[in-house]
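Here's the structure, in structure tokens; my notes come after.
The values are calculated or read from the model by the stated rules, or taken from the named source; none is laboratory data. The shown structure was predicted, so the numbers you read here are calculated from the model rather than taken from an experiment. Quick reminder, even Gly has a Cβ in these numbers, built from the backbone with ideal geometry, and neighbours come from all protein chains shown.
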Amino acid sequence: MRARQSHTHTVLSLAARAGEVLSFAIIDRVARDEAHALNGFQRPQIAGHIREIQDYLEKDDSILPNPIVVAFIEGGPVRVKGEADAPVVEVVIDLSGGAQGLVVDGQQRLTALSRLDKDFQVFVSIVVCKDEAELRRQFVLINNTRPLSKSLVYELLPSVGGLPQRLSERSVAADITARLNFDDTSSLRGMIHMHTNPAGVIRDTAIQKVIMQSATDAAMRKLLKSGQGVESCFQLASAFYQAVAETFPEAWNDMTPHTSRLVHGAGVMAMGGVMDELAGRDEARTAAEFRVGLASLKGRTAWTSGEWVFPDGERRHWKAIQNVNRDIIALRDYLLGIIRDDLRVRRGGRPV
């Protein structure tokens, strides 16, 4: 069946067995090559979820109305034979070059279906896209409204164009975050937890929020308007976190969010405000320049032990700081108060 939808896409629906689908389509797992370039786009398999689907499908009365969505690139192995406006057409898929379709949605269902020992057909929706960029865009748009890992979607954003404004803004932050994680010159290399780097300890979404906040109304806003905007933002963030690591090595090196609030989401986002303050008011750009301002925080933090004593008299155990707006704002304001007092003193003024 052919649906009349977009003038730039061909949308088809048919019924097939799992083995037939896997003869013309593959599940392309997201990963990075040796040059850290992003390949593929599907999340890792979830064994428990697949087993649950399989257990259900093995029942005699099981049904699966949800289709598997497979995308092809225009000019590939798919040919549609029939009148231009005909709703029922013949689809010919050339398998001489191997499976060239990519599963955009339904990878867990398809894997479960492939393990069944019975004659069971599933609906398959085929989308023929003009190029790979359009294929990736369709994947993000299809999965963004469904329970898919946001981290995976955000990691894919830099390779996708034509997105809604909400996702386009996140795309720049995701691009810089990926560079911070994989660039050999980055002070955060390998430290950011992403789908393609599960060993990282700092959440990618926390770094993205720091960058988005800075790009909206702080230091990175001006940098992004320059000719080397993204590169300048990358250098600024890398220099800042290098200074953070050198100022608080005991709370940074070999630490996790459970052992240090400095690498915890709350600490990372609160320190983002410190980066913007020092970059804006102190014009810090290098790690050495950031260390000057960060020195005022030494001995006045509770990243790994003790308690925080906020200006209003509230006392919080170091582990009581959580990744919620109230705690992030309280911690950020506490740190900024110290930084601003130090700036006044260094400029000949008096602390508040």
Scope segment 178-213; condition hydroxyl-bearing (S, T, Y) and at pLDDT 95 or above; matching residues: T185, S186, S187
Among A302, A295, A251, the single one that is farther than 22 Å from M220 by Cα, in the same structural domain as V210 (by TED's automatic domain parsing) and in contact with a strand residue (DSSP E or B) (Cβ under 9 Å, 6 or more places away or on another chain) is A302
Within segment 283-301, which residues are polar (S, T, N, Q) and within 18 Å of E250 (Cα to Cα)? S296, T301
V92 being surrounded by 13 or more Cβ atoms within 10 Å (Cβ to Cβ) and in contact with a Pro (Cβ under 9 Å, 6 or more places away or on another chain): no
Selection from segment 104-127 of residues that are assigned to a strand (DSSP E or B) and modelled with pLDDT of 90 or more: Q121, V122, F123, V124, S125, I126, V127
For a quick check of your reading: which helices (runs of 4 or more DSSP H) sit entirely within segment 223-309 and have at least 3 residues that are of a type outside the set (A, V, I, L, M, F, W, C), surrounded by 18 or more Cβ atoms within 10 Å (Cβ to Cβ) and at pLDDT 95 or above? 229-247, 265-281
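Table: residues versus (1) within 18 Å of the chain's Cα centre (by Cα); (2) more than 22 Å from E155 (Cβ to Cβ).
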residue: H195; (1), (2): yes, no
residue: T216; (1), (2): no, no
residue: T247; (1), (2): no, yes
residue: A251; (1), (2): no, yes
